[in-house]
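Step one of this worksheet: look at the structure below.
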Amino acid sequence: MAMIPTKRDILSQSYLFEDTRFTSLMLHRIYHVLLISSVYDAFILEEDGRIDEQIFNEYMSLNLRYPPEFIKATSKEQVFQKLESVNIDLVIIMLSADEKVTFDLSNEIKHQYEHIPIVVLTPFSREVRIKFELTNQFAAVDYIFSWLGNADILLAIIKLIEDKMNVEQDVGDVGVQTILLVEDSVRFYSSYLPIIYKIIFKQSKSFMSEGLNEHQKMLRMRGRPKILLATTYEEAVELYDKYKNNLLGVISDISYKRRGVKDSEAGFRLVKKIKKDNKYMPLLLQSSDSSNREKAKQLKAGFIYKHSQSLTYELRDFIRNYFAFGSFIFVDPKSGKEVMRAKNLKDLMDKIFSVPEDSLRYHIQRNHLSKWLRARALFPLAQLFQEFKPEDFNDCNEVKQFIFEAISNFRIAKARGVITQFQRENFDEYFMLTRVGEGSIGGKARGLAFLDTLIKRNRLYNFFEEVEITIPRTVVIGTDIFDEFMETNQLYKIALSDRFSDEEILNAFVNAPLPETVSDDLETIINLSDKPLAIRSSSLLEDSHYQPFAGIYNTYMVPLIKNNLSITNEMVRKAIKGVYASAFYKDSKAYMEATSNVIDEEKMAIVIQEVAGKQYDDTYYPTFSGVARSINFYPVEPEKSEEGIANIAVGLGKYIVDGGLSLRFSPKYPKKVLQTANPDMALKETQKYFYALDLKPESFTISPNDAMNLIKFPLKRAEKDKSIKEVASSYDFHNHMLRDGFNYEGKKLATFAGILKHNKFPLADILQKVLKLGEQEMGKPVEIEFVVDLNERRGGKKVFNLLQIRPIASRDESVNICKDDVADEKLLILSEKALGNGVVDNIYDVVYVKPENFNPANNKDIVPLIAEINTQFINQGKNYILIGPGRWGSSDPWLGIPVKWPHISAARVIVESGLDDYRIDPSQGTHFFQNLTSFRVAYFTINPFIGDGIYDIEFLNRQPAVFENQYIRHVQFNTPVTAKIDGKKNLGIIFKPEEEG
């Protein structure tokens, strides 16, 4: 059992409930039943009884799994043949007219197979009972039951024996509850057991709803109460003493054997013994003598007359009312009348503050809440409530707060690491990851699900005292909804055609209706949201281990219009269709071609995710977003490649994804940030802009450009909002100094000094921990995306949201380059900041931006030229080397040429080259970068003007051009160019043709 938390642990939400290991319950099952009978009885069972069919139907109706197979035998030879050839778990013998044959056979079976339980079924219960009591003929038989042709008794027999096989382990492991039945009459326990089991199974079906998906619901059935059958006083006492701490109640006859002889007071004695231990234990006595009712009442036990016409109804009512089955009914202790009821855990949580004080105190003193929770297989919560008494609290309000926070903690813990099946009536804020539909959830959602389990498995959510690590609340719409949408609206003929523009494809998708079922679900999801929603793609290929599709499809951000949710609903629906449409845009199709995938194999799930952040007037954004990798391809001393790298920026993550000027640091050395090494560097090299979401509904218009309602603000706006007070430094113009903090005079810079230097938020430690675990569990280097809003609090803690994890593709080839062994004149390019590892050969073409005519103002004009050349290479099935100044793929044309990945997808080596007045840093932190690494594209950075690398531009200029204009030049060699990259040294070289070393 786990350590019991303190009251403070619960009220501060710092306690972590352990998972109940339902998989370890009911490990011993009955799969094969050998049914021995006469030929006539076998015929009756087969033709009239249809025993297998009845049992199967009974199992299915009660949501039970593993119905056993009945193997029939009608002769002694068949019996032992079956016992020899089949792994029999239970033997049931129909009592033959020649009883001696039955007794002899049972003795012989038990002698050879002593571990197999034997049950005798008989219609002659009275005669058999007398012989059973007076003789020892049934010594080999474990149980005798009365057979009246109903399959219910067979179900009860199987479950009773399975309970006996599992009870000790299941009670000991997780605290499964028990019900003790004390009865020596074959007829009566043959009648009671099927009734009790049916009640239990129906109760189990009701508490299945506490499971979050079908798998969990079926597993929870294993936590149902077990029934223990005793036929003598000594057996009853032994079972009671062993399981009294896990007993829901006792049902007992009054007259049965004690010390080997019939004792007409045995039931009363048992009640007195139990009441001495626990005066609140529910006890039901039943007798053929109605005069015992008064004595039972004096002992405060229930009573049922065995010959009553309504015996089964009375038994059912008592169990439901006193064994904590069904809803929890709060009663007025004076009148005994119901004042309120809670039908499940969520309902109890919602109503607890409305429960009258005297009613709550009455139930707590009697451990009713704990018992009700145990009966519903909510064992950790039941254990907690049992440990506390009313006197442990200052007042009733504190008790209610304690119950509320405990249930809240428990529900949060239960939902972690689980993909919940969406149900409109049960959906609320406690579900972290929910799926709509039955199809695949796609790559991005798989990554989120993996992150959720990683957090849970490694207990990360409270690893850091002041920070909760989590994923945002997420709903995934499965690919089956995409299939239905595409097929019902006959969209493939438009989507797969090359005749339609992106806008035409989008319009066709937006004008098509979503399936009705998902429309209703969306309304529920939106009604329960209190933040803007990101509508993201989660395709089958995206973010998978083998398919690099990071950032290719659209992501829309939808503001939450709280006073008009129907507008939000309409925007969400359009955004979903927009994401679907983006799978068929021109760039996506080119990307598919580059990855040798077929477009109609791609299927799209949708991730709907709450956006972390805070509202500032009509805008919304988080304190900062970031990307981190467990491998650093550009380590600067003393950093090491395996220590990882992170990029962070104020506002939404689009700024980093698009290659903006983010802050780069190693989580191992957070105080060593090159960009803020001196005031001049900080002024020039830190973030100038940030992205925020425009909350005005009219700013949301659906178009192929998914950023239409994202506003790019200068950092001055964040200064006005005071959103950067925790991350800014102030530049003192007069003294040319950088002061860490927001409250000083001067220009505000996003240095993140408060976090990285002064550890106001343990970002570096969190990243080290998550990256290390991610790499360990994925078995390869990983990239994570994250977001933090320092204004957000959960239970007094700041929140670190993990948005994504994906593997970084690694290189298989191992290359060891010694720079001194290679003559400079043989080299076209040498870079000491090279990404990759391996050999790139069979390249004949180099496309390069002409340095002499380079002007950042013209960068946008260069994009279509390169895209056109790239298309030619794709059509020819060839690759090339691409060289140019600045950052390839930057969304800021002043930092580099703003190509998207499909524009350069045929390049196998990409070189970022600095010029005298255009120095660049390696470009990290983008989906563009992820695709480079995933496609195994060699990636060089050089700044030859400061002696950082070699670039023999004169050699290229001397070669004849296949194509040339004022901006770019394409040369082609007769023999191949070879590139080699030593990943360990970050050293890359490109040999001139015919000069390979």
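The values are calculated or read from the model by the stated rules, or taken from the named source; none is laboratory data. All figures in this text were calculated on a predicted structure; none of them were measured in a lab. All Cβ positions, even for glycine, are placed from backbone atoms using ideal geometry, and neighbour counts span all protein chains on display. Areas reflect the complete protein model, heavy atoms only, side chains present, ligands, DNA and RNA absent. Shrake-Rupley method; radii C 1.70, N 1.55, O 1.52, S 1.80 Å.
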Read through the list (1) among the hydrophobic types (A, V, I, L, M, F, W, C); (2) open to solvent by less than 10 Å² (accessible area, probe 1.4 Å); (3) in contact with a Leu (Cβ under 7 Å, 6 or more places away or on another chain); (4) over 30 Å from Ile412 (Cα atoms), then give the number of the only condition that Ala508 fails. (2)
Which one of these is under 28 Å from Gln401 (Cβ atoms), in contact (Cβ under 8 Å) with a residue 60 or more places away in the chain and not small (Gly, Ala, Ser): Met349, Met340? Met349
Under 7 Å by Cβ, and 6 or more places apart or on different chains, what pairs join a residue from the stretch 404-426 that is of a type in the set (A, V, I, L, M, F, W, C) with one that is assigned to a strand (DSSP E or B)? Ile419/Leu433; Ile419/Arg435; Phe422/Thr434; Phe422/Arg435; Phe422/Val436; Phe422/Val475
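Yes/no per residue for (1) farther than 30 Å from Ile561 by Cα; (2) in a loop (DSSP other than H, G, I, E, B):
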{"site": "Leu693", "(1), (2)": "no, no"}
{"site": "Ser703", "(1), (2)": "no, yes"}
{"site": "Ala707", "(1), (2)": "no, yes"}
{"site": "Ala718", "(1), (2)": "no, no"}
{"site": "His734", "(1), (2)": "yes, yes"}
{"site": "Gln776", "(1), (2)": "yes, no"}
{"site": "Glu785", "(1), (2)": "no, no"}
The condition of being among the hydrophobic types (A, V, I, L, M, F, W, C) and either open to solvent by 10 Å² or more (accessible area, probe 1.4 Å) or assigned to a helix (DSSP H, G or I) (or both) holds, among Ala382, Ala377, only for Ala382
Applying the selection to the stretch 758-767, what residues are modelled with pLDDT of 95 or more and either within 13 Å of Phe786 (Cα to Cα) or charged (D, E, K, R) (or both)? Leu763, Ala764, Asp765, Ile766, Leu767
Counting only residues that are of a type in the set (S, T, N, Q) and open to solvent by 20 Å² or more (accessible area, probe 1.4 Å), which one in the stretch 412-462 is farthest from Ile525 (Cα to Cα)? Asn458
Kindly indicate whether any position in the stretch 686-703 is among the acidic types (Asp, Glu) and open to solvent by less than 20 Å² (accessible area, probe 1.4 Å). yes
State whether one or more residues within the stretch 924-941 are at pLDDT below 95, open to solvent by 30 Å² or more (accessible area, probe 1.4 Å), assigned to a loop (DSSP other than H, G, I, E, B) and out of contact with any helix residue (DSSP H, G or I) (no Cβ under 9 Å at 6 or more places or on another chain). yes
Output for the stretch 97-119, where each listed residue is among the β-branched types (Val, Ile, Thr) and either at pLDDT below 90 or loosely packed, with under 15 Cβ neighbours inside 10 Å (or both): Val101, Thr102
Which residues, counting only those in the stretch 225-242, are open to solvent by less than 10 Å² (accessible area, probe 1.4 Å) and not aliphatic (A, V, I, L, M)? Pro225, Lys226, Tyr240
Quick one: is Ala605 at pLDDT 95 or above, open to solvent by less than 10 Å² (accessible area, probe 1.4 Å) and not in a helix (DSSP H, G or I)? no
By residue number, the members of the stretch 171-188 that are within 45 Å of the chain's Cα centre (by Cα) and either over 19 Å from Ala324 (Cα atoms) or of a type in the set (S, T, N, Q) (or both) are Gly172, Asp173, Gln177, Thr178, Val182
Give Val782, Val787 a once-over and let me know the one that is within 22 Å of Ala534 (Cβ to Cβ), at pLDDT 95 or above and not hydroxyl-bearing (Ser, Thr, Tyr). Val787
Could you please give the count of residues in the stretch 753-780 that are open to solvent by less than 30 Å² (accessible area, probe 1.4 Å), in contact with a Leu (Cβ under 8 Å, 6 or more places away or on another chain) and closer than 21 Å to Gln804 by Cα? 6
Please enumerate the residues belonging to the stretch 70-96 that are aliphatic (A, V, I, L, M) and not in a loop (DSSP other than H, G, I, E, B). Ile71, Ala73, Val79, Leu83, Leu90, Val91, Ile92, Ile93, Met94
Please specify each residue of the stretch 280-300 satisfying the condition of being surrounded by fewer than 17 Cβ atoms within 10 Å (Cβ to Cβ) and not in a loop (DSSP other than H, G, I, E, B). Arg293, Glu294, Lys297, Gln298
Quick check: anything in the stretch 316-330 without any contact (Cβ under 8 Å) to a residue 12 or more places away in the chain, more than 44 Å from the chain's Cα centre (by Cα) and not in a strand (DSSP E or B)? no
Give just the number: which of (1) surrounded by fewer than 20 Cβ atoms within 10 Å (Cβ to Cβ); (2) closer than 24 Å to Leu25 by Cβ; (3) of a type outside the set (A, V, I, L, M, F, W, C) does Asn409 not satisfy? (1)
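Table: residues versus (1) at pLDDT 85 or above; (2) within 30 Å of Tyr192 (Cα to Cα); (3) among the polar types (S, T, N, Q).
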site: Phe318; (1), (2), (3): yes, yes, no
site: Phe325; (1), (2), (3): no, yes, no
site: Tyr362; (1), (2), (3): yes, no, no
site: Gln365; (1), (2), (3): yes, no, yes
site: Phe388; (1), (2), (3): no, no, no
site: Asp392; (1), (2), (3): no, no, no
site: Asn397; (1), (2), (3): yes, no, yes
Does the stretch 345-355 contain at least one residue that is surrounded by fewer than 22 Cβ atoms within 10 Å (Cβ to Cβ), modelled with pLDDT of 85 or more and in a loop (DSSP other than H, G, I, E, B)? yes
